[in-house]
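Heads up, the thing below is written out as structure tokens.
The values are calculated or read from the model by the stated rules, or taken from the named source; none is laboratory data. Bear in mind that the values here come from a model prediction, so they are computed numbers and not experimental data. Using ideal geometry, Cβ is built from the backbone for each residue, glycine included, and neighbour counts are taken over all protein chains shown. Accessible surface is based on the protein model in full, side chains and every heavy atom, while ligands, DNA and RNA are left aside. Shrake-Rupley method; radii C 1.70, N 1.55, O 1.52, S 1.80 Å.
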Amino acid sequence: MSLHEVFGDCSAADRAALIGYLPAGYPTVQRSRELFAAMVRGTDEGPGCDIVEVGLPYSDPVMDGPTIQAASGEALRNGFRVRDLFDVVSSVAEAGGHAVVMTYWNPVHRYGVEAFARDLRAAGGLGVITPDLIPDEAEEWLAAAQEHDLDRIFLVAPSSTEQRLALTAKASSGFVYATSVMGVTGARDSVGAAASGLVERTRAHTDLPIGVGLGVRSAEQAAEVASFADGVIVGSAFVTRAEQQGPEGVAELAADLGRGVRAR
């Protein structure tokens, strides 16, 4: 199933998609496989995430807040390597999930752009989110992604100009990632007030689904974002739940947030 089909199914059910993030290899590669399987599975009370973001741990992040930085650091200290990413993505596909990778550009460049796209597709990955790669400088990635049938997911922010929104939307496929606030990731008490306005401005430039990330941690916040966006992206709250309660807690959070995206 493609991202287009996943969002299509959610739209047909008159709801937003739930997109959950965890770093690959956190706290270990085997444990992360179990956490992602729980994120996909959910509980008897509610299904899990429609799409999962498999984060590639990186030592010099620019978008990750302290929660995700700490988890990524632990994965790296426990021996995570880029090649392990593809094993984790494969495990998501085997669990019945739909995986995209979120990664900074340098690891992709070091691994080899063509090889990264080839290996990700072979592992069952559907696309890549690149927070520090702008479309103007993405010619090599766009070519490799198209060659291997991967969606290219770029970011827009409240500070994006209309020209930047148009350029980013045109270069994207699968969905557009809208950051609800200026700053780094992390669960917050409220979703940024600029989020709905950013989604509205982005819709003027594309028919692609728009997912909103940064700050969501509860079913109520998920319902709020789902009222104006096509996808609700949750990261730090899943990392915290994984640390405190393991796979069972991750599954419960996915089911709880799932109720939120279905309550819009």
Report summary line: When S72 is run through (1) surrounded by fewer than 24 Cβ atoms within 10 Å (Cβ to Cβ); (2) modelled with pLDDT of 95 or more, the failure sits at (2)
Query raised in the report: Among V199, V216, V239, which is the only one that is of a type in the set (A, V, I, L, M, F, W, C), in contact with a strand residue (DSSP E or B) (Cβ under 7 Å, 6 or more places away or on another chain) and surrounded by fewer than 21 Cβ atoms within 10 Å (Cβ to Cβ)?
Result: V199
Requested in this report: Might you check whether a residue that is buried (at least 22 other Cβ atoms within 10 Å of the Cβ) and assigned to a helix (DSSP H, G or I) occurs anywhere in the stretch 123-135?
Outcome: no
Requested in this report: Inspect the stretch 17-28 for any residue being surrounded by fewer than 19 Cβ atoms within 10 Å (Cβ to Cβ) and modelled with pLDDT of 95 or more and give the result as yes or no.
Outcome: yes
Report summary line: For D84, the lone unmet condition from (1) acidic (D, E); (2) surrounded by fewer than 17 Cβ atoms within 10 Å (Cβ to Cβ); (3) in contact (Cβ under 8 Å) with a residue 40 or more places away in the chain is (2)
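Taking the condition farther than 17 Å from R217 by Cα, outside any helix (DSSP H, G or I), touching a strand residue (DSSP E or B) at 6+ places or on another chain (Cβ under 7 Å) and touching a residue at least 24 places away in the same chain (Cβ under 8 Å), does P27 pass?
No: the conditions fail for P27.
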Query raised in the report: With (1) over 29 Å from L167 (Cα atoms); (2) small (G, A, S); (3) under 18 Å from the mean Cα position of the chain (by Cα); (4) part of a helix (DSSP H, G or I) as the list, and G73 as the residue in question, which single condition is left unmet?
Result: (3)
Query raised in the report: Of all the residues that make up the stretch 225-254, how many are over 15 Å from the mean Cα position of the chain (by Cα), aliphatic (A, V, I, L, M) and within 15 Å of F36 (Cβ to Cβ)?
Result: 4
Query raised in the report: Would a scan of the stretch 48-65 turn up a residue that is part of a loop (DSSP other than H, G, I, E, B), farther than 20 Å from R118 by Cα and touching a strand residue (DSSP E or B) at 6+ places or on another chain (Cβ under 7 Å)?
Result: yes
Report task. Kindly establish whether V101 is in contact with a strand residue (DSSP E or B) (Cβ under 7 Å, 6 or more places away or on another chain), modelled with pLDDT of 95 or more and not in a loop (DSSP other than H, G, I, E, B). Result -> yes
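Which is of a type in the set (V, I, T) and modelled with pLDDT under 90, of V199, V216?
Values: V199 fails: modelled with pLDDT under 90.
Unique residue meeting the criteria: V216.
For M1, indicate whether it is at pLDDT below 95, under 16 Å from the mean Cα position of the chain (by Cα), surrounded by fewer than 24 Cβ atoms within 10 Å (Cβ to Cβ) and not small (G, A, S).
In short, no.
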Query raised in the report: at pLDDT below 95 and either closer than 16 Å to D132 by Cα or assigned to a helix (DSSP H, G or I) (or both), is that true of V184?
Result: yes
Query - Yes/no for R33 being in contact with a Lys or Arg (Cβ under 7 Å, 6 or more places away or on another chain) and either within 18 Å of I129 (Cα to Cα) or open to solvent by 10 Å² or more (accessible area, probe 1.4 Å) (or both) - result: no
Report summary line: The number of residues in the stretch 153-175 that are free of Cβ contacts under 8 Å to residues at least 40 places away in the same chain and within 16 Å of G231 (Cα to Cα) is 4
